[in-house]
1. Just one of (1) more than 14 Å from every other protein chain (Cβ to nearest Cβ); (2) in contact with a helix residue (DSSP H, G or I) (Cβ under 8 Å, 6 or more places away or on another chain); (3) surrounded by fewer than 18 Cβ atoms within 10 Å (Cβ to Cβ); (4) touching a residue at least 40 places away in the same chain (Cβ under 8 Å) trips up residue B:57, so point out which.
2. Any residue in the stretch A:221-232 that is within 14 Å of chain B (Cβ to nearest Cβ), modelled with pLDDT of 95 or more and surrounded by fewer than 23 Cβ atoms within 10 Å (Cβ to Cβ)?
3. Any residue that is within 14 Å of chain A (Cβ to nearest Cβ) and within 29 Å of residue B:96 (Cα to Cα) - is there at least one of those in the stretch B:5-24?
4. Kindly indicate which of A:196, A:219, A:185, A:160 is in a helix (DSSP H, G or I), over 21 Å from residue A:73 (Cα atoms) and within 21 Å of the chain's Cα centre (by Cα).
5. Filter the stretch A:72-102 down to residues that are free of Cβ contacts under 8 Å to residues at least 60 places away in the same chain and assigned to a helix (DSSP H, G or I), then give me how many there are.
6. Suppose we keep only residues that are touching a helix residue (DSSP H, G or I) at 6+ places or on another chain (Cβ under 8 Å) and on the phi > 0 side of the Ramachandran plot within the stretch B:16-35. Which one would you say is surrounded by the fewest Cβ atoms within 10 Å (Cβ to Cβ)?
7. Looking only at the stretch A:124-157, how many residues end up being outside any helix (DSSP H, G or I) and within 14 Å of chain B (Cβ to nearest Cβ)?
């Protein structure tokens, strides 16, 4: 196996391990569109990094924008004049449009927007892989530590609050974890396909699970299968890797639906 | 809401009644700490354990969870209370597959897991037919005596109030009147709010109810001036 393939595979598998349980929480909390919005907004980070001529590293810029947007959403989600999806639609597409516009206006920079919209997992280096590994260790530890609170809030926030769970704090933790993972993962899966890898394996795992933990772990497993299958498909038939992984995840969902 | 002052003492059963939009649920949420009042305070007994049965609870089908794992998430299941609530045989069922009545019993058992001193129920009889309401009330009464917890509930269905409570708090943005169902039924502000018919029913029903059981009015607690073992909100 070529080293660049191995790197891509290791990176994708590490990402999949985090995406599984986070995806389950996204499905339970109905936050798919929220994840999508963060991913779209992160493109603004790409523009900021390019305009700073590399003074702000790409991943850091995306992370900062993703966290800011996540905090704004956590703060204004309770504006009752609009449903959450209206607010999310405004932020997602407002920031995406601004990001694309700024990138296009910077004439002296030649960038391939496709790499950001759909990801390029074969372009990652070992540094990216180690960042992913460190992030995965942190996210999994946080999830393990706060699992009961996260689950209780997903089941019923009011009961959780009466039982002594800090609901707002727990929600913020989930929001920040999601924003961080999304910002770091954009290099691999792109802005447009990000939520697919969060939602599809988790939804497929729902068919096969009887407990929350089971669903989270099986989502991770199914995500790992999806990204590996997608990667090899992309190498064999010369398809773009991001879309190939998402196609595999979608097929897996349909398959699990048949055999539930 | 303004000028609301209410109190629940250890072991007693109190119902908040009032028309829609009177602030019943808001008051409950303030007492539970789910919402903070703009002014005023909630005084709780130290380390008060509260069991809460929310008005609306819709288990999500996307979250695979059976009754047993749902319950153990909050505390240890007491088999005898589970049996009394008829939840035992539901343990392996998915939460999202329960009927309305089954879910109500599971939620009640959940609220009782940590031996609460106060059980708070928001509209426990919503969507329950009249005979079911009576059953639910008798169950609450029996459990409350057996396990020694106080009950605070919101209801706008007066049958339960008539049949049950030792004390009624009538709320319409402020506390209009308060006392035994009989006393409240005779109160002018209650009559203005709910109409004479209902008020008469309340007073009458309660009268009959006490006689059927051979209890004189003196057996009912009157004005309470006990220690602050419960809530106070003003």
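1. (1)
2. no
3. Checking the stretch B:5-24: not a single residue is within 14 Å of chain A (Cβ to nearest Cβ) and within 29 Å of residue B:96 (Cα to Cα).
4. A:219
5. 21
6. B:33
7. 1
Okay, residues lined up against (1) within 11 Å of chain A (Cβ to nearest Cβ); (2) farther than 23 Å from residue B:10 by Cα; (3) surrounded by fewer than 18 Cβ atoms within 10 Å (Cβ to Cβ); (4) over 23 Å from the mean Cα position of the chain (by Cα):
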residue	(1), (2), (3), (4)
B:64	yes, yes, no, yes
B:70	yes, yes, no, no
B:74	yes, yes, no, no
B:88	no, yes, yes, yes
B:100	no, yes, yes, no
B:111	yes, no, no, no
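The values are calculated or read from the model by the stated rules, or taken from the named source; none is laboratory data. Since we're looking at a predicted model, the values are computed, not measured. Note: ideal-geometry Cβ built from the backbone for every residue, glycine included; neighbour counts use all protein chains shown.
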